[in-house]
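A.B. asks: Take this structure first; my questions come after.
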Amino acid sequence: YMNLLKYLFSPLYTDPNMVNAGEMNGSGNLMDFLDEPFPDVGTYEDFHTIDWLREKSRDTDRHRKITSKSKESIWEFIKSLLDAWSGWVVMLLIGLLAGTLAGVIDLAVDWMTDLKEGVCLSAFWYSHEQCCWTSNETTFDDRDKCPQWQKWSELLVNQSEGASAYILNYFLYILWALCFAFLAVSLVRVFAPYACGSGIPEIKTILSGFIIRGYLGKWTLLIKTVTLVLVVSSGLSLGKEGPLVHVACCCGNFFSSLFSKYSKNEGKRREVLSAAAAAGVSVAFGAPIGGVLFSLEEVSYYFPLKTLWRSFFAALVAAFTLRSINPFGNSRLVLFYVEYHTPWYMAELFPFILLGVFGGLWGTLFIRCNIAWCRRRKTTRLGKYPVLEVIVITAITAIIAYPNPYTRRSTSELISELFNDCGALESSQLCDYINDPNMTRPVDDIPDRPAGPGVYSAMWQLALALVFKIVITIFTFGMKIPSGLFIPSMAVGAMAGRMVGIGVEQLAYHHHDWIIFRNWCRPGADCVTPGLYAMVGAAACLGTVHTDHCAWVTPVFGNLQIA
């Protein structure tokens with residue numbers, strides 16, 4: 001900056017080292033001076049900060065030259081139009097690729113998660129649900145059982161029940177989890193060390209003007225996409241939603257390198273990355289508007305108005321691409337899409353407040369314990385063996401998770417089940433209520449009922465799953481693998497909220513004459529929705545772990561409808 005001031009005020013300042021008379025008199029073009037120390041943008045060194053003023057001046061000068069040349073010929077005019085529309089083309093390409101990768105990741109995770117328990121004989125690439133969709137022998141009562149899908153014990157030793165079958169399935173479940181985790185950490189360690197973690201803190205740093213070479217490279221994109229599938233399929237207490245933002249930004253960096261307008265200007269490149277971050281959140285949570293708000297409030301340092309509209313366009317394209325792939329088979333952008341038909345009442349604010357307190361305690365516990373564990377990992381010999389750490393944590397997770405059905409399944413499916421309201425077609429243990437045979441109510445207006453043995457069994461299993469999830473997430477997050485924290489945080493809150501909701505529901509049913517229930521909960525009415533409590537608990541825990549509450553809760557829960 002001192003050299004720039006000397007140049008601008010050269011008639012007032014004389015430097016004995018200057019021998020060029022033109023420079024002494026202040027002649028020449030300012031952009032020529034700016035280009036002297038930096039012949040090209042590539043001269044920015046790694047782990048250095050870009051010059052925002054210089055990048056803005058370069059873009060202004062480039063735009064001025066294009067405008068002046070467009071008047072010379074038709075070809076130059078067409079080139080100016082192509083330059084003006086190149087931004088929208090880049091947004092289109094980012095949306096298409098980000099949506100496609102998100103759909104492929106969702107399908108692959110679904111298949112590989114079920115692969116730990118069995119295989120589809122008719123088509124090995126089908127997941128359990130897809131395999132039974134194609135079967136004509138599936139009944140309503142046994143909708144999850146079909147001849148085409150066989151567990152490993154049925155396939156290897158022709159036994160589906162008994163201790164030997166259970167032990168074999170148990171062993172193969174652990175073996176598959178260890179294979180997935182070992183392959184993931186090996187690929188990250190050998191080919192793309194930048195692919196570990198969620199990537200969002202580094203994305204914030206890059207968008208603020210910092211240079212991290214290779215963090216958004218093509219190798220990072222490839223390895224992060226592959227290892228993200230492996231890590232989530234291994235059953236570790238991690239999510240894929242945070243890393244999807246990193247994947248989308250890698251897509252944005254790749255396409256921006258194809259256009260000189262963005263490849264030669266680091267400031268313009270960051271406009272593309274801001275839009276890519278919005279597309280990543282859009283495909284992660286099915287919320288295009290929430291993605292734009294996330295990019296605007298959370299990650300972007302420079303966000304002009306045109307970037308706002310381009311971010312929204314990229315998020316929409318990514319969302320429509322994901323919906324056309326339909327990875328969840330429900331024509332929705334997310335697995336846990338729910339609609340609640342019963343309103344909440346003022347008396348329910350008290351349990352909601354309790355869930356908020358629980359979320360705050362969970363956030364405090366997680367942050368303090370995870371920081372302490374990461375500090376210990378860094379200052380002891382444990383940090384020298386990242387592969388061994390991943391293998392040990394995966395083994396512990398698989399051994400403890402398999403006996404409990406709520407920890408054995410994928411975390412996204414668990415959240416979906418906890419959010420769902422119990423209807424007439426639900427077969428979950430959480431919906432094992434004692435029905436009145438004389439009930440003639442509509443399907444969407446089933447009254448509160450006494451809990452059956454399945455509900456009480458599910459409550460104990462959820463309590464154990466909650467304790468396990470809280471502890472194992474502290475030690476899992478921060479390992480040298482792709483990892484997101486959204487889904488584990490939501491799962492912790494959803495389990496706590498569902499248990500509180502069932503407790504309030506049963507309390508209102510058995511004591512509807514209490515003063516707190518008398519005015520709004522009549523006998524035979526549908527008063528309490530436990531799934532709503534699960535959603536509130538998930539929002540509370542998510543908001544405490546991630547400090548910017550609105551920026552995270554809005555895209556995650558903005559697509560839930562409460563009718």
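So that you can scan it fast, the table gives a plain yes or no per residue for (1) out of contact with any strand residue (DSSP E or B) (no Cβ under 8 Å at 6 or more places or on another chain); (2) surrounded by fewer than 24 Cβ atoms within 10 Å (Cβ to Cβ); (3) under 26 Å from Val338 (Cβ atoms):
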{"residue": "Leu466", "(1), (2), (3)": "yes, yes, yes"}
{"residue": "Met479", "(1), (2), (3)": "yes, no, no"}
{"residue": "Gly484", "(1), (2), (3)": "no, no, yes"}
{"residue": "Ile487", "(1), (2), (3)": "no, no, yes"}
{"residue": "Met495", "(1), (2), (3)": "yes, no, yes"}
{"residue": "Gln506", "(1), (2), (3)": "no, yes, yes"}
{"residue": "Ile515", "(1), (2), (3)": "yes, yes, no"}
{"residue": "Pro530", "(1), (2), (3)": "yes, no, yes"}
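A.B. asks: For region 376-431, what are the residues that are basic (Lys, Arg) and either assigned to a helix (DSSP H, G or I) or at pLDDT below 85 (or both)?
C.D. replies: The answer is Arg376, Arg377, Lys378, Arg381, Lys384, Arg408.
A.B. asks: Got at least one residue in region 84-92 being of a type in the set (Ser, Thr, Tyr) and part of a helix (DSSP H, G or I)?
C.D. replies: Yes: one or more hits.
A.B. asks: Please go through region 186-242 and pick out each residue that is hydrophobic (A, V, I, L, M, F, W, C), open to solvent by 40 Å² or more (accessible area, probe 1.4 Å) and not in a helix (DSSP H, G or I).
C.D. replies: Hit for region 186-242 is Phe210, nothing else.
A.B. asks: Could you give me the residue pairs with C-beta distances under 8 Å whose first residue belongs to region 52-69 and is among the hydroxyl-bearing types (Ser, Thr, Tyr), whose second residue is open to solvent by less than 60 Å² (accessible area, probe 1.4 Å) wherever it lies, and which are 6+ apart or on separate chains?
C.D. replies: Ser57/Met31; Ser57/Leu34; Thr67/Ser80
A.B. asks: So if I check each of Tyr340, Tyr302, which one is farther than 22 Å from Trp111 by Cα, hydroxyl-bearing (Ser, Thr, Tyr), touching a helix residue (DSSP H, G or I) at 6+ places or on another chain (Cβ under 6 Å) and modelled with pLDDT under 90?
C.D. replies: Answer to the selection: Tyr340.
A.B. asks: Out of (1) without any contact (Cβ under 8 Å) to a residue 60 or more places away in the chain; (2) over 20 Å from the mean Cα position of the chain (by Cα), the odd one out for Arg270 is which?
C.D. replies: (1)
A.B. asks: Given the options Ile105, Ile66, Ile94, name the one that is open to solvent by less than 20 Å² (accessible area, probe 1.4 Å) and either touching a Gly at 6+ places or on another chain (Cβ under 6 Å) or outside the structural domain of Cys179 (by the TED database) (or both).
C.D. replies: Exactly one residue qualifies, and that residue is Ile94.
A.B. asks: Check whether at least one residue in region 115-122 is modelled with pLDDT under 85 and either more than 17 Å from Val317 (Cα to Cα) or in a helix (DSSP H, G or I) (or both), and report yes or no.
C.D. replies: yes
A.B. asks: May I pose another question? Among the residues in region 131-143, are any among the basic types (Lys, Arg), crowded, with 16+ Cβ neighbours inside 10 Å and either closer than 22 Å to Ile399 by Cα or under 30 Å from the mean Cα position of the chain (by Cα) (or both)?
C.D. replies: No - not one qualifying residue is present in region 131-143.
Okay, residues lined up against (1) open to solvent by 70 Å² or more (accessible area, probe 1.4 Å); (2) closer than 30 Å to Gly267 by Cβ; (3) in contact (Cβ under 8 Å) with a residue 40 or more places away in the chain:
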site: Val292; (1), (2), (3): no, yes, no
site: Val338; (1), (2), (3): no, no, yes
site: Thr342; (1), (2), (3): no, no, yes
site: Ala347; (1), (2), (3): no, no, yes
site: Phe350; (1), (2), (3): yes, no, no
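A.B. asks: Still on this structure, please answer the following. Suppose we filter region 221-272 for residues that are among the charged types (D, E, K, R) and within 19 Å of Ile415 (Cα to Cα); how many remain?
C.D. replies: Qualifying residue count, region 221-272: 2.
A.B. asks: Report the residue count in region 155-183 for those that are farther than 14 Å from Tyr402 by Cβ and not in a loop (DSSP other than H, G, I, E, B).
C.D. replies: Count: 9.
A.B. asks: Does any residue of region 381-397 turn out to be free of Cβ contacts under 8 Å to residues at least 12 places away in the same chain and either crowded, with 19+ Cβ neighbours inside 10 Å or among the basic types (Lys, Arg) (or both)?
C.D. replies: The answer is yes, given that some residue of region 381-397 is free of Cβ contacts under 8 Å to residues at least 12 places away in the same chain and either crowded, with 19+ Cβ neighbours inside 10 Å or among the basic types (Lys, Arg) (or both).
A.B. asks: Which residue, of Phe303, Phe320, is assigned by the TED database to the domain that holds Ala102, among the aromatic types (Phe, Trp, Tyr) and in contact (Cβ under 8 Å) with a residue 60 or more places away in the chain?
C.D. replies: Result of the check over Phe303, Phe320: Phe320.
A.B. asks: Testing Lys79 on (1) closer than 27 Å to Arg270 by Cα; (2) modelled with pLDDT under 50; (3) open to solvent by less than 100 Å² (accessible area, probe 1.4 Å), one condition comes back false. Which one is that?
C.D. replies: Among (1) closer than 27 Å to Arg270 by Cα; (2) modelled with pLDDT under 50; (3) open to solvent by less than 100 Å² (accessible area, probe 1.4 Å), the lone unmet condition for Lys79 is (2).
The values are calculated or read from the model by the stated rules, or taken from the named source; none is laboratory data. For clarity, every value in this text was computed on a predicted model and none was experimentally measured. In this analysis, Cβ positions are derived from the backbone assuming ideal geometry, glycine residues included, and neighbour counts consider all displayed protein chains. Heads up: the accessible areas ignore ligands, DNA and RNA and are worked out on the full protein's heavy atoms, side chains in. Shrake-Rupley method; radii C 1.70, N 1.55, O 1.52, S 1.80 Å.
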